[in-house]
Amino acid sequence: MKIIIVQDYQELSERASQIIIALIENKPDATLGLATGSTPLGLYKVLIDKYDNNVVSFASIKTFNLDEYCGLPQEHPQSYYSFMHRHLFNHIDIMEKNINIPKGIGNDLTALCQEYNDKLSASTIDLQILGIGSNGHIGFNEPGTPFDQETFVVELTSETREANKRFFNSIDEVPQHAITMGIKNIIAAKKIILLASGIVKANAIRKLIFGKITEKFPASALKQHPDVTVIIDREAASLIK
Ligand code: PGA
């Protein structure tokens, strides 16, 4: 793993955007794996800014998102479908048909997982953006998820629901389940960038860097991947020096 420590969140967002833009320059029809959560918001802002300034075009880019809550209609403001459109897709020239986000609502969630997994299997993600949960989750792959897991329905841990309740009126409104790419799907990306900012991520970053590879800490699966770049700010890096 390559570790890049930057001063602050803005620099982290800029560095990640540079890697994405360099990829798109080389491969205008690249496939990007995208993440939700607070961490990539700054990156998405920079990408929109670069698009506005004609530095980059997403016209031929294809995307796959990591996950989606179960039980929220796409138009719900906290669905990841809404999140991605609000924070990125509505502001760039990506084509709607090239956007892939798991569907979290329907009678047969297993079939929806299979459908998403089939689409993933038929594609290669050139670059996957990841955040990390304080418990080491990537996507919604919570501790204990087998490393060979493909797209599945996960029951969210109380820690994850608690961390995400800030987006809802109350904890009761936070969905109990989500559909997520499995660790196997994530690891299949050619290149992975993991972003972490702030003191709340310092312990997870310490475990990622110094800990052993174990299913108890899902992000440790990344240590087996040949091309992972971890970009962290000083606070997130505060326990590794
Ligand atoms: P965050 O979430 O970016 O909102 O901190 C990351 C994650 O839980 O994977």
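The values are calculated or read from the model by the stated rules, or taken from the named source; none is laboratory data. Bear in mind the structure is a predicted one, so any value in this text is a computation, not a measurement. Cβ placement follows ideal geometry from the backbone for every residue including glycine, while neighbour counts extend to all protein chains displayed. These accessible areas exclude ligands, DNA and RNA; they are computed on the full protein's heavy atoms, side chains included. Shrake-Rupley method; radii C 1.70, N 1.55, O 1.52, S 1.80 Å.
Numbers for the structure displayed
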quantity	calculated
Computed [θ] at 222 nm, deg cm²/dmol, the chain (DSSP H ≥ 4; -39,500 (n - 2.57); rounded to nearest 500)	-9000 deg cm²/dmol
Estimated translational D of the chain in µm²/s (Stokes, Kirkwood radius over Cα pairs; 20 °C; 1.002 mPa s)	120
Candidates GLY131, GLY211, GLY42: whichever shows maximal mean-square fluctuation once the chain is modelled as a Gaussian network with Cα springs under 10 Å	GLY211
D (Stokes-Einstein, µm²/s), Kirkwood Cα radius, segment 25-71, 0.890 mPa s at 25 °C	203
Candidates TYR116, TYR69, TYR51: whichever shows maximal mean-square fluctuation once the chain is modelled as a Gaussian network with Cα springs under 10 Å	TYR51
Counted charge near VAL154, where neighbours are those whose Cβ lies closer than 10 Å (Asp, Glu -1; Lys, Arg +1)	-3
Charge tally in the Cβ shell below 14 Å around GLU215, where Lys, Arg are +1 and Asp, Glu are -1, GLU215 excluded	+3
Per residue accessible area of segment 60-213, 1.4 Å probe, in Å²	44
Charge sum, other residues only, whose C-beta stays under 11 Å from LEU43's C-beta, Lys/Arg counted +1 and Asp/Glu -1	+1
Computed magnitude of the charge dipole of the chain (debye, nearest 20; Cβ of K, R +1, Cβ of D, E -1)	780
Hydrodynamic radius of segment 70-144 per Kirkwood, over alpha carbon pairs, in Å	14.3
Of ASN98, ASN117, ASN135, the one that fluctuates the most in a GNM where the chain has Cα springs shorter than 10 Å	ASN98
Whole-percent carbon and sulfur share, accessible surface of the chain, 1.4 Å	49
Stokes-Einstein diffusion coefficient of segment 20-163, Kirkwood radius over Cα pairs, 37 °C, 0.692 mPa s, in µm²/s	205
